[in-house]
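Dropping the structure in here first, questions after.
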Amino acid sequence: MIDRELWAEVWQVLKSNRLRTLLTASGIFWGIFILIIMLGFGNGIQSGVNKSMAGYATNALYMWGQASSQPYQGLPPGRPIQLSNDDTTALLQKIPDIAHLAPRVRLERWRGRSDVVHGNKVTDVEVSGDMPEFRHVLPMDFHYGRFINPLDIKEKRKVVVIGERVHSDLFGESVNPIGRQVQIRQISFTVIGVFKPKRYGSNRERMGSLAFIPISTFQQVFNYGDAIGFYAMIPADGLRSVDVAGQMRQLLMQRHRVAPTDSRAFGDWNSENEFLRIERLFIGIRAFVWTVGLATLLAGVLGVSNIMLIAIRERQREFGIRKSIGATPASVLKMILAETSTLVGVSGILGLFAGLLGLYVVDLITRPITQSVDADVLFDTPTIDLRIAIAAVVALAIASLLATLIPARHAMKIDPVEALRAE
Amino acid sequence: MIELKSIAKSYAMGEHQVRALVGTDLFIGAGEFVAIQGSSGSGKSTLLNILGILDSPDSGTYTLDGNLIANLSARDAARYRNRFIGFVFQSFNLIHHKSALDNVALPLYYQNVSRRKRHKIAMEYLERVGLADRATHKPSELSGGQSQRVAIARALITQPALLLADEPTGALDTQTGEQIMSLFRDVNAQGMTVVLVTHEREIAEQTQRIIQLRDGDIIRDERL
């Protein structure tokens, strides 16, 4: 394959037709360059959107009790529905489609905060009572310690898991707070962990201001009895959370004697729809990128075959001469294909590098905006899967070779008598 | 060297069949210097193409240097042309983007001779035609006579058994034509079989044997 003589011959031909070589090469170069840039931007937008999404599991569903809106079995409408630990037990027993069920209680209202004290320092936190299962709803990593475990629940331990901001406000970032005491509503809790969410989303400050207490402890010390605020639920693999939510709702309606037609007794919200919408957006972006990119590449391929067609026409006489002095048809074909693959290969690889360089420059320029802590732009470092990029170059080379094969076969069959007669 | 037996060839020209050769017999011995003469349409180009294995006859046999030339694949035909035959054309047919040296060396490329070696050999042949100082020139920088001499050097470089020339002086002035003819005589004197096609009597008379063609058949074969 590595035939120095052939490459010397190819080089001579390409060099002797500089303009033609340059035009063909620029078509290929441009095609690859555009594809790389577009793929990079597509990925940049995608990871930007992903980053802006909250750190909660994308298929989580939340359900809470509201108030009945219809009279049923002698009960009047407007009756408040209070979820309880018994509901949790029933849900877990009767609905196997639930993968994880995390009952939750809040100390304050929605997003309300309480003071948390350590020594003479105080800061504000969003306090909730949770089960170990909550980790599946909000995936997290730990700077120090651990999350709530079943033993904490069973023994109703007075322990707390705190967020990063709480930690640095009360203890300082470099201090290990495990085993230290903090007070919430004058009740002391032992710090057992400092967490950070696996993905921050756009609300990093809030994520750092959370505090988790075992739900059993919470219900006891804050006098919540067996009340549950709401459920966070993750469906079993392959199931949609809205479908499983239907089963939950049905069971809870029976348990709380709510009319089967009463749709307002329980509220729910899920991020899945949101997630699916964004997923569809990504599919759209990707389809767009690939359509435009492949169309550009196709234009490049057509350009190559077109120019090779003209080039071969132009060189008919040359091929005739070559054949008359001993070139075999195969050697003519080999030479043309070698010319094409050299041209496409070199300009394709140059386009690839130029594209990567372009993405790097874009990243350098946008980094101060996209990488700041509270960045709210839907764009992140443009990346590209190098395998895809290389595959594109290879596919382009193969397509160009195939496209060149038609005029090349024609060149192979050139009758030297005819070619040399043409004046 | 060359033995043709009842060679016939015809072409389709629109609705008509044109019989270019009608059953020609011809023997040319090794070391001969032969002119094929005839007006246009006499079949002389067809004969030359068949001799040069650029074209194959409809019927008849062609034996070149002891080899029966029949039913060759395109690849074998190319190989025979490369090994046995040197071509010189009226319009020189040099490759315009190659230097004189590269043009002369090209047949050796198709024999897989290394670049350095074929350049060395090509230089010897350029010296032989008196153009060593023009080695790096492109064909566009050469005069007609120089171009034809480069073409002859290219034809000779493979040391073929047979040198075929198609109106080699047709595009040249008389004086330059004389130079080319004397080059052919030298080549022939060294033992090469030379066959040239011409319609000019004066050129034909400078060879040793004139074969006169008319309407696809040999009407006269005279030795000078």
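Throughout, read-outs are computed from the coordinates displayed, never taken from laboratory work. Bear in mind the structure is a predicted one, so any value in this text is a computation, not a measurement. Don't worry about glycine lacking a Cβ; one is built from the backbone with ideal geometry, like all the others, and counts go over all protein chains shown.
Take every Cα pair under 8 Å in chain B that's 6+ residues apart, average their separations, divide by the length, and report that relative contact order as a whole percent.
Taking the mean separation of contacting Cα pairs over the length of chain B, I get 29 percent.
For labels at B:Ser39 and A:Thr89 in the simple 7 Å Cα→Cβ model, what's the distance in nm?
Placing both labels 7 Å along Cα→Cβ, they lie 12.3 nm apart.
While we're looking at this one, here's another question. Express in nm, to one decimal, how much length is gained between A:Arg257 and A:Asp415 on full extension, taking 0.36 nm for each residue of separation and deducting their alpha carbon distance.
47.5 nm
If you average the alpha carbon positions of segment A:191-250 and of segment A:85-147, how far apart do those two centres end up, in angstrom?
4
Let me have the 222 nm mean residue ellipticity of chain A computed from DSSP H runs of 4+ only, each contributing -39500 (n - 2.57), with the sum over all residues rounded to the nearest 500.
-18000 deg cm²/dmol
Anything in chain A that counts as a DSSP H helix reaching 15 Å or more along its axis (C-alpha) with Kyte-Doolittle mean of at least 0.5? List them, would you?
Answer set is A:18-52, A:272-314, A:329-370, A:386-412.
For segment B:27-42 and segment B:104-150, what is the centre-to-centre distance using only Cα atoms, to the nearest Å?
Segment B:27-42 and segment B:104-150 have Cα centres separated by 27 Å.
Which listed residue (A:Leu101, A:Val161, A:Gln254) has the Cα farthest towards the positive end of the charge dipole for segment A:61-268, taking +1 on Lys and Arg C-beta and -1 on Asp and Glu C-beta about the Cα centre?
A:Val161
Based only on Cα atoms, what Rg/Rh ratio does the protein assembly as shown have, Rh being taken as Kirkwood's radius?
A ratio of 1.36.
Which of the listed residues, A:Ser114, A:Ile312, A:Ala419, is farthest toward the dipole's positive end in the protein assembly as shown, when Lys, Arg count +1 and Asp, Glu count -1 at the beta-carbon?
A:Ser114
Quote the charge dipole size of segment A:26-154 about the Cα centre in Debye, to the nearest 20; the model charges only the Cβ of Lys and Arg (+1) and of Asp and Glu (-1).
Using only the charged Cβ atoms, the result is roughly 140 debye.
Something else about it: What average number of partner chain Cβ atoms lie no more than 10 Å from the Cβ of the residues making up B:78-89?
For peptide B:78-89, the averaged partner shielding equals 4.
Treat each spin label as a single point 7 Å out from the Cα along the C-beta direction, and report the A:Gln186 to A:Val117 distance in nm.
0.9
For n ≥ 4 DSSP H runs only, could you compute -39500 (n - 2.57) per run for chain B, divide by its residues and tell me the 222 nm figure to the nearest 500?
The per-residue figure over chain B is -10000 deg cm²/dmol.
How many lysine pairs in segment A:61-268, separated by 8 or more positions in sequence or lying on different chains, have Cα atoms less than 27 Å apart?
Lysine pairs, 8 or more places apart or on different chains, close enough: 9.
How big is the Kirkwood radius of segment A:180-307, worked out from every pair of different alpha carbons and given in Å to one decimal?
20.6
Within a 10 angstrom radius of the beta carbon, how do A:Asp385, A:Asp97, A:Asp169 rank from fewest other beta carbons to most?
If I rank by nearby Cβ atoms, fewest first, I get A:Asp385, A:Asp97, A:Asp169.
Could you work out Rg/(2.2 N^0.38 Å) for segment A:61-268, with Rg from alpha carbons only?
For segment A:61-268, the normalised Cα radius of gyration is 1.09.
What number, in nm² with one decimal, is the all-direction average of the projected area of the convex hull of the alpha-carbon atoms of segment A:1-131?
22.0
Next question, about the same structure. In nanometres, what is the gap between the two model label sites at B:Asn67 and A:Arg367, each 7 Å from Cα along Cα-to-Cβ?
Result for the modelled spin labels: 6.7 nm.
What is the dipole size for chain A, taken about its Cα centre, with +1 at each Lys and Arg Cβ and -1 at each Asp and Glu Cβ, in debye to the nearest 20?
My answer is approximately 180 debye.
Is there a simple number for the mean count of other chain Cβ atoms within 10 Å of the Cβ of residues in B:109-115, and what is it?
Whole-number average of other-chain Cβ neighbours for B:109-115 is 4.
Would you work out which of B:Ala171, B:Leu47, B:Phe89 lies farthest towards the positive end of the dipole of chain B, given +1 charges on the beta-carbon of Lys and Arg and -1 on that of Asp and Glu, about the Cα centre?
Checking the options against the dipole of chain B, the answer is B:Phe89.
Can you list the lysines whose alpha carbon is less than 29 Å from that of A:Lys413, not counting same-chain residues fewer than 8 positions off?
Output for A:Lys413: A:Lys15, A:Lys323, A:Lys334, B:Lys5, B:Lys9, B:Lys44, B:Lys98, B:Lys138.
Pull up the DSSP beta bridges for chain B and report the antiparallel fraction as a percent, rounded to 5.
55
On to the next question. Rounding to the nearest 20 debye, state how big the charge dipole of segment A:294-416 is about its Cα centre with +1 on each Lys and Arg Cβ and -1 on each Asp and Glu Cβ.
980
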